[in-house]
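This report concerns only the one structure given below.
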């Protein structure tokens, strides 16, 4: 792989990883934080919910025993982003 393409793949992998970990943090925080603190998550969760493909929107959303909700749609997107990160890292490290 050419040097420029490998660098672009690494940068894209880093962006995928960062977005995935932000989504993981939102999913965990929405599931375990008390009600008062969860109000701070409304804006970021709403922003990322608008970016979720329509086929996944609202999929696997469950209420947790702590009163929050597990956002399965955001968790699925985070998993896809982490897999994309792994693939891009492998591609950028390949000699050809």
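The values are calculated or read from the model by the stated rules, or taken from the named source; none is laboratory data. Bear in mind that the values here come from a model prediction, so they are computed numbers and not experimental data. We place every Cβ from the backbone using ideal geometry, glycine too, and count neighbours over all the protein chains shown.
Some observations on this one:
- Scanning the range 10-38 for residues that are more than 30 Å from residue 95 (Cα to Cα), surrounded by fewer than 18 Cβ atoms within 10 Å (Cβ to Cβ) and within 16 Å of the chain's Cα centre (by Cα) returns 22, 24, 25, 28, 29.
- Residue pairs whose Cβ atoms lie under 8 Å apart, separated by 6 or more positions or on different chains, with the first residue in the range 1-22 and more than 18 Å from residue 49 (Cα to Cα) and the second part of a loop (DSSP other than H, G, I, E, B), are 1/94; 1/95; 1/96; 9/1.
- Restricting 30, 36, 67 to residues that are in a helix (DSSP H, G or I), over 29 Å from residue 2 (Cα atoms) and without any contact (Cβ under 8 Å) to a residue 40 or more places away in the chain narrows the list to 36.
- Boolean, residue 79 is over 13 Å from the mean Cα position of the chain (by Cα), part of a helix (DSSP H, G or I) and at pLDDT 90 or above: no
- Just one of the numbered conditions (1) surrounded by 12 or more Cβ atoms within 10 Å (Cβ to Cβ); (2) under 17 Å from the mean Cα position of the chain (by Cα); (3) assigned to a helix (DSSP H, G or I) is not true of residue 92: (2).
- Residues in the range 77-89 include none that are surrounded by 14 or more Cβ atoms within 10 Å (Cβ to Cβ) and in contact with a strand residue (DSSP E or B) (Cβ under 7 Å, 6 or more places away or on another chain).
- Among the residues of the range 62-76, those that are out of contact with any strand residue (DSSP E or B) (no Cβ under 8 Å at 6 or more places or on another chain) and at pLDDT 90 or above comprise 74, 75, 76.
- Among the residues making up the range 39-64, those that are assigned to a helix (DSSP H, G or I) and under 15 Å from the mean Cα position of the chain (by Cα) are 41, 44, 45, 46, 47, 48, 49, 50, 51.
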